[in-house]
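See structure below.
The values are calculated or read from the model by the stated rules, or taken from the named source; none is laboratory data. Only a predicted model underlies this, so the values are computations on that prediction, with no experimental measurement involved. Reconstructed Cβ throughout: ideal geometry from the backbone, glycine too, with neighbour counts over all protein chains shown. These accessible areas exclude ligands, DNA and RNA; they are computed on the full protein's heavy atoms, side chains included. Shrake-Rupley method; radii C 1.70, N 1.55, O 1.52, S 1.80 Å.
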Amino acid sequence: MEYLKIIGGNSLQGDVTLHGAKNSALPILCATILIKGKSVIHNCPNLSDVKSTIEILESLGCEIERQGDTVTVDAQNITSSKIDEGIMRTMRSSILFLGSLVSRTGSASIFLPGGCDIGARPVDMHLKALKSLGADICESGSSITCTASRLNGAKIILPFASVGATENIIIASAISKGRTTIINPAREPEISDLAEFLNKCGAKIYGAGESTIEIEGVDYLNPCEHRIIPDRILASTYMSACAITGGEIVIKDVRPTHLAPIFPVFNEMGCRLYLNNNQLKISAPKRLKRVKMIKTMPFPAFPTDSQSLVTATLCVAKGTSIIKENIFENRFRFVGQLNRFGADVEIDEQMAVINGVKTLHGANVNATDLRGGAALVVAGLCAQGVSTINSIEHIDRGYERLEEKLSALGADIKRIVYEEDSKEANKKS
Ligand code: UD1
């Protein structure tokens, strides 16, 4: 078991480069099983969720090679269409294998997915969409079986712009008969990245990132090489870490259009932002200003994944800020832990009222989910004294050695292995 130890108070300075986006890497890796041959995926982050996805691919018969941040998936031979319950439950995105497996093999046998405990997170839209494409779906307890001899194009209207459901439909219908239209798809940059990858392989997907997506089904896809887009939520994590510590950093390899929804919030806090091609310099004031109101919504509005990070940042702003969470009902679960730092955040259903305090103090806290865990790290960076962040396996799902990147920016943060810790204590006693 490991935890993070932070001695807060250092303001962040220097340059940092983003790794590839987790939320792009996962669907793209799931989609590789559509392709008979070797898909070469560059800028693939080394995260525990990526490892779990690779484990699933291997269990289905794929051969995987990893060299640095390049992952090669050879899906020439798929030998199974079943995924074990244990691995399914490690992450929500495993539901995307439903679409890719049924399209490739004609059947998929999986279990309800797990992932961060940030809300009910049903999969009804995924299942209804696959039924519209002609799949037979049988649910029994937590197991789901999906069969189809060949998927047929259909018009699918999503009642909510679900990221996962949009991805599942794109993946399932890339190889199909006829035309699929998705009305009200999610427009997140990761959707466009998935479509770009599949189009390079020969798919005919039009309108990704817009309000309607059209997919002209093809008979087969060819292998290709693809580079995953940089992680915009990682960028927003560094921005929060810089803002809360009154720092000045340069974030390299950003896509400004992906970050456009969060720029106004940091401007309102009093941070100055300078864009130079794909580099973003953020310079924070001594004391941040409050932000009147932030509402999380699907892209191109403020992302729910950045909400926890900004909530933590605003704890030390001057004045009261309000955040309304519209996507996941349990996304404020981490706030109980945040208040242990001396923050003053009240939750009223889906609304957080953040009464800014002058300083935070060190605390011993538990990460409750991925982004909530990263938010606790952000709080620890500015808290006076020592903080320990436990249950960091949540953080490792989406950040590649976050502590090393933050240390390089001047933070005093270390990953401690419990065993080493107790050996240390034994030596002293
Ligand atoms: C993805 C992201 C996650 C991000 C979220 C919203 C990945 C791996 N994860 O999650 O980081 O926070 O988008 O931007 O890309 N819903 C239903 N029925 C469904 C599907 C979704 O009711 O069948 C609801 C969910 O409970 C939630 C909302 O729709 O309230 C949005 O969920 P969705 O966009 O599907 O999120 P994910 O794909 O799970």
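What order do ASP193, ASP305 take when sorted by accessible area (1.4 Å probe), most exposed first?
Ranked list, largest accessible area first: ASP305, ASP193.
First check a/c for segment 36-192, with a ≥ b ≥ c the square roots of the eigenvalues of its C-alpha gyration tensor; if it is under 1.5, answer rounded, and if not, answer prolate when a/b is larger than b/c or oblate otherwise.
Working: a/c = 1.36, a/b = 1.30, b/c = 1.04.
It comes out rounded by the Cα gyration axes.
Tell me, what is the 1.4 Å probe accessible area of CYS201, in Å² to the nearest 10?
CYS201 exposes around 0 Å² with every protein chain in place.
Around LEU151, which amide H atoms from residues at least 5 apart in sequence, or from another chain, sit under 5 Å from its own amide H, with H modelled in the peptide plane?
Answer set, sorted by chain and number: LYS177.
What number results when the radius of gyration of the chain, computed over Cα atoms, is divided by 2.2 N^0.38 Å?
Here the Cα radius of gyration is 0.99 times the empirical estimate.
Treating the angle as unsigned and between 0 and 90°, give the value, to the nearest 10°, between the Cα long axis of helix 22-31 and the longest Cα principal axis of the chain.
In the chain, helix 22-31 runs at an angle near 10 degrees to the longest axis.
Ignoring ligands, DNA and RNA, what percent of the 1.4 Å accessible area of segment 1-126 is carbon and sulfur?
Carbon-and-sulfur percentage of accessible area, whole number: 44.
What is the local net charge at ASN278, summed over the other residues whose Cβ is closer than 15 Å to its Cβ (Lys, Arg +1; Asp, Glu -1)?
+2
Just the number please: accessible area per residue for segment 266-365, 1.4 Å probe, all protein chains included, in Å².
Working: 4560 Å² over 100 residues.
Using a 1.4 Å probe on heavy atoms only, each residue of segment 266-365 averages 46 Å².
If you rank HIS19, HIS394 by how much accessible surface each has, with a 1.4 Å probe, what is the order from largest down?
From most exposed to least exposed: HIS394, HIS19.
Quick query: amide H of LEU12 versus all other amide H atoms, modeled in the peptide plane; which residues come in under 5 Å with a sequence gap of 5 or more or a different chain?
THR245, GLY247, GLU248
Mind jotting down the distance between the C-alpha centroids of segment 363-381 and segment 217-243, whole Å?
If you average the Cα positions of each part, the centres end up 24 Å apart.
Determine how many Å³ per residue the convex hull of the Cα atoms of segment 156-227 encloses.
On the way: hull volume 4.8 nm³, N = 72.
Enclosed volume per residue, from the Cα hull, is 67 Å³.
Would you mind estimating how fast segment 135-289 diffuses translationally, via Stokes-Einstein at 25 °C and 0.890 mPa s with the Kirkwood radius over Cα pairs, in µm²/s?
136
Compare ASP84, ASP74, ASP253 in a GNM of the chain, Cα atoms joined below 10 Å, and give the one with the largest fluctuation.
Of the options given, ASP84 has the highest mean-square fluctuation.
Using only Cα atoms, locate the centre of segment 13-67 and the centre of segment 279-331, then give the distance between them in Å, rounded to an integer.
Distance between centres, Cα-based: 29 Å.
With 10 Å bins from zero, work out the P(r) of segment 240-375 over every alpha carbon pair and list the percent per bin.
Binned Cα distances yield the sequence 13, 45, 35, 7, 0.
Holding the Cα-Cα limit at 19 Å, pick out from LYS295/LYS405; LYS318/LYS405; LYS22/LYS292; LYS286/LYS318; LYS286/LYS358; LYS131/LYS177 the pairs that are longer than that.
With Cα atoms farther than 19 Å apart: LYS295/LYS405; LYS318/LYS405; LYS22/LYS292.
HN-Hα J couplings of segment 199-214 from phi, Karplus 6.51/-1.76/1.60, θ = phi - 60°, integer Hz, Gly and Pro as x?
Result, rounded to whole Hz: 5, 4, 7, x, 6, 10, 10, 10, x, 4, x, 10, 7, 9, 10, 10.
From a point 7 Å beyond the Cα of LYS252 in the direction of its Cβ, which residues of segment 63-95 have a backbone N at a distance under 16 Å?
Inside the label zone: 69.
Which length gain, in nm to one decimal place, applies between GLU419 and GLU55 when the Cα-Cα distance is subtracted from 0.36 nm times their residue separation?
Using 0.36 nm per residue and subtracting the Cα-Cα distance, I get 128.3 nm.
In what order, largest first, do ARG290, ARG104 sit by accessible area if the probe radius is 1.4 Å?
Order by accessible area, largest first: ARG290, ARG104.
At 7 Å along Cα-to-Cβ for each site, give me the label-to-label distance between VAL386 and GLU139 in nm.
4.9
Between ARG401 and GLN76, what's the calculated FRET efficiency when r is the beta-carbon distance and R0 is 41 Å? Round to 0.05.
Values: r = 33 Å, r/R0 = 0.80.
The computed FRET efficiency comes out at 0.80.
Roughly speaking, what % of Cα-Cα pairs in segment 57-144 are separated by over 17 Å, rounded to a whole number?
Pairs farther apart than 17 Å: 52 percent.
Only residues of segment 199-233 count here: report those whose backbone N is under 12 Å from the spot 7 Å along Cα→Cβ of ILE183, or say none.
Inside the label zone: 212-213.
Given N residues in segment 63-112, what is its alpha carbon radius of gyration divided by 2.2 N^0.38 Å?
Numbers: Rg = 12.2 Å, N = 50, 2.2 N^0.38 = 9.7 Å.
Here the answer is 1.25, to two decimals.
What FRET efficiency comes out for the pair PHE160/LYS292, r = Cβ-Cβ distance, R0 = 35 Å, nearest 0.05?
After rounding, the FRET efficiency stands at 0.85.
Spelling out what I want: for every residue of segment 292-297, take phi, set θ = phi - 60°, compute 6.51 cos²θ - 1.76 cosθ + 1.60 (Karplus), and round to whole Hz; glycine and proline get x.
So the Karplus estimates, Gly and Pro as x, are 4, 8, 10, 10, 7, 8 Hz.
Roughly how much of SER11 is accessible, in Å² to the nearest 10, using a 1.4 Å probe?
Probe radius 1.4 Å; accessible area of SER11 about 50 Å².
At each listed q (0.11, 0.14, 0.20 Å⁻¹), what is the log10 of I(q)/I(0) that the Debye formula gives for segment 1-109 modelled as equal alpha-carbon point scatterers?
The Debye formula, applied to the Cα set alone, gives -0.41, -0.59, -1.01.
Explain nothing, just compute: Karplus ³J(HN,Hα) = 6.51 cos²θ - 1.76 cosθ + 1.60, θ = phi - 60°, for every residue of segment 60-71 in order, whole Hz, x for Gly and Pro.
After applying 6.51 cos²θ - 1.76 cosθ + 1.60, I find 8, x, 6, 9, 10, 10, 10, 10, x, 9, 9, 10 Hz.
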